[in-house]
Structures are given as structure tokens and as C-alpha cells.
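Notes follow the structure.
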Amino acid sequence: MKWRLASLLLVFVVWQFAAMATQSHLLPSPAATLARIAQEMRSGALPFNLAMTLARVAAAFVIAMSLGTAIGIAMGRNQVIDRLADPWLILLLNLPALVVIVLFYIWIGLNEVAAVGAVAVNKLPNAIVAMREGARALEPHYDELARVYRMPLTARLRHVLAPQLAPYFAASARSGLSLVWKIVLVVELLGRPNGIGFQMNVAFQLFDIALLFAYALPFVAVMLLIEFILVQPYERRVSAWRHRAA
Amino acid sequence: MLLEIAITGKSYPAPNGGSAPVLGKIAFGIRPGEIAAIVGPSGCGKSTLMRLAAGLDQDFDGRIALDPAARTGIAFQEPRLLPWRSAGQNLRIAAPAATDAELDDLCARFDIGDHLNHFPAALSLGLARRFSLARAFAVKPDLLMLDEPFASLDSAMRRRCCDAVADLVDARRLAGLIISHDIEAAVRLADVVYVFSARPACIIAQQEIAMPRRSRTDSAIREIMAQIEALG
């Protein structure tokens with residue numbers, strides 16, 4: 001933690017010096033940015049836009065991970081399903097995010113369903129690939145154990161299947177979250193009247209770098225916070241058994 | 001018969017594309033309350049037979065009938081504890097219906113009570129094996145299947161666990177199939193010992209042991225072992 005804080009502090013120091021050296025409105029100083037953040041906080045615009053973005057991230061993430069987990073396990077366990085779905089998976093994996101977003105907005109309309117759906121579809125193939133790998137790597141020994149001991153389905157899911165898939169889920173969740181963060185902003189920029197992405201567009205139109213920073217920084221801070229308080233502790237918890245202490 | 005085995009052959013695919021026969025013609029049955037032990041050279045197919053008997057491999061010629069009502073308590077050749085659950089949870093997950101007193105009793109018999117809160121990776125192989133034995137009894141089985149149950153135990157612990165298994169088998173009148181290359185363990189526990197040949201394995205000799213398990217003295221054991229070695 002000490003080193004992480006030091007690393008963050010260093011960024012601010014470099015930023016401060018750069019701002020002092022350039023003296024340009026294109027690079028506002030940390031103090032000016034903080035003042036702008038405070039201003040946007042007071043007006044309520046920043047919390048509102050941040051909340052909208054977070055809600056879209058959460059919705060798209062949950063949809064993509066749950067669908068991706070179900071499809072990935074089905075593909076990993078069943079060869080016919082795998083062969084049937086594989087071409088579509090490769091298509092989705094290589095389809096540019098922008099194509100999906102534009103098509104969804106045209107077909108479904110400029111609304112939340114299209115926005116969240118487009119983000120979820122962009123994340124979906126990565127989740128499927130990760131969970132398919134997890135399902136393929138399931139250890140048959142434990143499956144045999146469950147069969148001989150006649151474990152009920154819920155116990156099998158909880159004690160045999162879930163712990164083996166958890167590391168794949170954690171890895172997929174982490175890479176998925178970073179992908180979803182990025183694509184949500186693009187979706188907002190292209191077709192939503194609010195959210196961090198929308199504000200980025202406003203800042204771009206006005207060439208208002210302080211505004212851009214005022215929205216980008218809290219957004220990055222929330223992202224880091226979620227990584228450190230949710231994603232990383234989850235990864236540590238599901239891999240605790242790999243270390244020798246109980 | 002609790003378990004009736006009438007195999008005519010079992011082979012595995014060989015690396016060269018052909019097939020390697022593992023088991024030949026094998027026929028025997030296990031009655032309720034009877035412990036059968038199988039001894040034979042390493043790699044002769046004893047563990048394969050146990051996998052077939054447990055219903056884990058259906059790909060063989062012949063017939064195996066396991067009473068569908070019978071509960072099986074199995075200890076595989078490797079302890080096979082779920083590594084992401086504590087050793088104590090491993091017992092609990094396999095035997096959700098067992099009472100705490102029953103599990104405590106098994107832990108005392110196999111001397112594992114101090115290690116319930118450890119993950120299996122933190123256990124020595126011998127401790128993990130004792131947990132896998134306790135787990136096999138925790139499910140209140142009708143039929144035991146133990147594959148090399150005392151491997152990786154030191155001689156004192158081997159003796160203690162062997163006595164614990166004998167006591168439990170007698171107290172609960174269990175039937176069982178014990179696979180062992182250690183003839184002494186087989187002779188201490190079994191009512192009948194089948195001696196397997198090298199691959200493809202078949203029964204080359206069998207020895208009934210009428211003497212009650214717990215009255216077999218060390219000298220009686222040595223005598224029966226000598227008889228079996230003479231047969232093989």
C-alpha cells in the first residue's frame with residue numbers, strides 16, 4: 001500500500017511541475033483541477049454523471065459475465081455446442097466495438113437498452129473464452145469423487161465446480177471490468193445525454209481540459225477503488241487454498 | 001451378493017495406437033459383511049479393477065453388479081481431498097448427514113483431530129490419507145473400497161490405522177474391497193485374499209482367512225502371509 005500511494009503521489013508531483021513549466025490552459029495544474037472538481041461536485045453534475053456511468057458499467061458487466069459464464073461452461077463441457085458456437089464466438093471476438101455500438105443504436109434506438117446491450121456484447125466473447133478454458137480444465141478426479149460419494153447437485157456446484165472455475169472467473173472479471181469501463185465511455189459519447197463519456201464530449205467541443213480532467217480523475221479514482229477493494233480481495237480469497245496456511 | 005464382478009477383459013488404448021490389455025478374466029463376489037483383499041504386483045491392474053467396481057469406468061467387457069442401494073465409501077490411491085476446502089470441511093461435505101459426535105469419533109480413531117482447520121495442501125501425505133480414510137467411513141458406507149489405504153504412513157501409524165479400520169469394519173459389519181500391494185495389511189483385514197498375476201491380471205490364487213480379525217496375532221499373520229506368498 002505504501003508503494004502504491006508513493007506511486008500516485010509521484011504522478012501528482014510530475015503533473016505539478018509540467019503544469020508550472022508549460023503555463024498553458026491545455027494543461028491545468030492539480031490545484032486548478034481540484035477546484036473544478038469541487039465546483040462540479042457542488043452543482044451535482046459530477047455525482048450524477050458518475051452514477052449514470054457506474055450504473056451502465058454494473059449492468060453491462062453483470063449481463064456479460066452471467067451470460068458469458070453460462071455459455072462458456074456449456075461450450076467447455078459439450079463438444080457439439082462448442083463446434084456450433086465457435087464461429088460466432090470468433091466473429092464476436094474480432095468485431096470492432098464501434099460496429100456493435102453503431103448497429104445497436106440504429107437498430108434498437110438511442111436508449112439505455114442499446115447502450116448497455118452494446119457494451120455487454122463487446123465484453124461477452126472474452127468472458128465466454130475465459131470460462132470455456134475454466135470448464136475444459138476441470139479436474140475429472142473431483143468429478144469422480146462427487147459421483148462415488150453421491151453429492152447432491154448443489155453441493156457439487158458449490159464445493160466442486162465453483163472453486164475450480166473461480167480463478168478463471170476472477171481473471172475474466174478483472175479484464176472484463178477494464179474493457180467495460182472503456183467501452184461505456186464510447187457508448188455515452190456516441191449516444192447518451194449524460195455520463196462521463198458525454199461530459200468528455202462536451203469538454204472536447206469546448207476544448208476545456210480542466211473539465212475533462214475534472215471528470216476523468218474521479219472516474220479513474222472510482223475504478224482504482226473498485227479494483228483494490230473488490231476485485232483484488234476476491235482474487236486473493238478464491239486462491240487462498242493455494243497457499244499453505246489455512 | 002453386494003458386489004459381483006464378472007469381467008472378461010479390460011484394456012487401455014496404447015500409445016502406439018493399439019490396445020494394452022490390463023485385466024483378463026476375473027470373477028468373484030463380495031457378500032455383505034465380507035472383506036476381500038486383492039494383492040498383486042505393482043501396475044498389475046488392481047486400481048483399474050477398483051475404478052470399474054466403483055462404476056467410474058464403464059468401458060470393459062463383462063459385467064459388474066453393485067447393489068444399487070449400497071452406499072460406497074471410497075479412498076482412492078491418492079487422498080483426493082478437495083484442495084480448496086479445509087480438511088474438516090472435506091469430511092463434512094462428503095457426509096452432510098453425519099453427526100458431530102460421529103465425526104469426532106472418526107477423527108480420534110485416525111488421530112486427525114488437530115488438523116481439521118488446515119487446507120489439504122498444508123497436510124503431509126500421510127495425514128491427507130488418514131483424512132481420506134475417515135471420509136470413507138464418515139458416509140456410513142455399506143461397501144468400502146480402499147486403494148492402498150496405508151501407503152505413505154509410518155509403521156506405527158500404519159498399525160494404528162489398520163486396527164482402526166478393523167475395529168470399524170467389525171463394529172459395523174461392513175463389506176469391502178481392499179487393494180494393496182502390502183500383503184500384511186491385506187491379511188490383517190480381509191476375510192479372503194485374492195492374488196493377482198501380472199498384466200493382464202487374473203486371479204492366480206485365493207486364500208480364505210477364517211480367524212476373526214482382532215484375534216489374529218502377529219505370528220498367525222506371518223504364517224498366513226507365508227502361505228499366500230507360497231501360493232503366488
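The values are calculated or read from the model by the stated rules, or taken from the named source; none is laboratory data. Remember, predicted model here, so these are calculated numbers, not experimental data. All Cβ positions, even for glycine, are placed from backbone atoms using ideal geometry, and neighbour counts span all protein chains on display.
Is the stretch B:195-209 home to any residue that is exposed (fewer than 14 other Cβ atoms within 10 Å of the Cβ) and in a helix (DSSP H, G or I)? No, there is no match, as no residue in the stretch B:195-209 is exposed (fewer than 14 other Cβ atoms within 10 Å of the Cβ) and in a helix (DSSP H, G or I). Taken over the stretch B:190-232, the criterion of being without any contact (Cβ under 8 Å) to a residue 40 or more places away in the chain and of a type in the set (Gly, Ala, Ser) is satisfied by B:Ala205, B:Ala210, B:Ser215, B:Ser219, B:Ala220, B:Ala226, B:Ala230.
Taking the criterion of being within 30 Å of A:Thr53 (Cβ to Cβ), out of contact with any Asp or Glu (no Cβ under 8 Å at 6 or more places or on another chain) and in a helix (DSSP H, G or I), would at least one residue in the stretch A:138-146 satisfy it? No; the residues of the stretch A:138-146 include none that is within 30 Å of A:Thr53 (Cβ to Cβ), out of contact with any Asp or Glu (no Cβ under 8 Å at 6 or more places or on another chain) and in a helix (DSSP H, G or I).
Just one of the numbered conditions (1) within 14 Å of chain B (Cβ to nearest Cβ); (2) within 22 Å of the chain's Cα centre (by Cα) is not true of A:Ala70: (1). Only a single criterion out of (1) closer than 18 Å to B:Leu91 by Cα; (2) touching a residue at least 24 places away in the same chain (Cβ under 8 Å) is not satisfied by A:Tyr168, namely (1).
Looking only at residues that are aromatic (Phe, Trp, Tyr), under 29 Å from A:Trp15 (Cα atoms) and surrounded by 13 or more Cβ atoms within 10 Å (Cβ to Cβ) in the stretch A:199-246, which one is farthest from the chain's Cα centre (by Cα)? Per the criteria, the residue is A:Phe204.
Within the set B:Arg173, B:Arg159, B:Arg109, B:Arg85, the sole residue that is on the phi > 0 side of the Ramachandran plot and either more than 13 Å from the chain's Cα centre (by Cα) or of a type outside the set (Val, Ile, Thr) (or both) turns out to be B:Arg173. Of A:Ser178, A:Ser172, all but one fail to be surrounded by 19 or more Cβ atoms within 10 Å (Cβ to Cβ) and in a helix (DSSP H, G or I); the exception is A:Ser172.
All of (1) within 30 Å of B:Glu78 (Cβ to Cβ); (2) buried (at least 16 other Cβ atoms within 10 Å of the Cβ); (3) touching a residue at least 40 places away in the same chain (Cβ under 8 Å) hold for A:Glu144 with one exception: (3). You will find that of A:Leu103, A:Leu153, A:Leu92, the residue that is more than 20 Å from A:Tyr234 (Cα to Cα), free of Cβ contacts under 8 Å to residues at least 24 places away in the same chain and away from chain B (no Cβ under 14 Å) is A:Leu103 and no other. Sub-7 Å Cβ pairs linking a first residue in the stretch A:184-203 that is free of Cβ contacts under 8 Å to residues at least 24 places away in the same chain to a second residue that is among the polar types (S, T, N, Q) and in a helix (DSSP H, G or I), at least 6 apart or interchain, are A:Leu189/A:Asn201, ordered by first then second residue. Residues that are buried (at least 20 other Cβ atoms within 10 Å of the Cβ) and within 17 Å of B:Arg213 (Cα to Cα) within the stretch B:151-163 comprise just one, B:Cys161. A:Leu165: away from every other protein chain (no Cβ under 14 Å) and assigned to a helix (DSSP H, G or I), yes or no? Answer is no for this residue. Residues in the stretch A:207-246 that are within 17 Å of A:Gly176 (Cβ to Cβ) and among the acidic types (Asp, Glu): A:Glu227, A:Glu235.
Scan the stretch B:28-46 for residues that are in a strand (DSSP E or B), touching a residue at least 40 places away in the same chain (Cβ under 8 Å) and surrounded by fewer than 21 Cβ atoms within 10 Å (Cβ to Cβ) and the total you get is 1.
Residues that are more than 14 Å from chain A (Cβ to nearest Cβ) and closer than 21 Å to B:Ala138 by Cβ: does the stretch B:34-42 have at least one? Yes - at least one qualifying residue is present in the stretch B:34-42. So, B:Leu49, is that one crowded, with 18+ Cβ neighbours inside 10 Å and more than 10 Å from every other protein chain (Cβ to nearest Cβ) or not? Judged against the criteria, B:Leu49 is a match. The number of residues in the stretch B:63-121 that are facing chain A (nearest Cβ under 10 Å), over 19 Å from B:Phe150 (Cβ atoms), charged (D, E, K, R) and in contact (Cβ under 8 Å) with a residue 40 or more places away in the chain comes to 1. B:Phe60 is checked against (1) within 25 Å of B:Arg135 (Cα to Cα); (2) away from chain A (no Cβ under 14 Å); (3) aromatic (Phe, Trp, Tyr); (4) more than 19 Å from the chain's Cα centre (by Cα) and fails just one. What number does that condition carry? B:Phe60 satisfies all of (1) within 25 Å of B:Arg135 (Cα to Cα); (2) away from chain A (no Cβ under 14 Å); (3) aromatic (Phe, Trp, Tyr); (4) more than 19 Å from the chain's Cα centre (by Cα) except (1). Meeting the requirement of 2 or more residues that are of a type in the set (A, V, I, L, M, F, W, C), the helices (runs of 4 or more DSSP H) wholly within the stretch A:194-246 are A:196-206, A:209-226. Being among the small types (Gly, Ala, Ser), farther than 24 Å from B:Ser197 by Cβ and loosely packed, with under 14 Cβ neighbours inside 10 Å is a property that does not hold for B:Ala14.
Could you tell me which residue of the stretch A:164-191 is modelled with the lowest pLDDT, considering only residues that are farther than 18 Å from A:Ile229 by Cβ and of a type in the set (D, E, K, R)? In this case the residue turns out to be A:Lys182.
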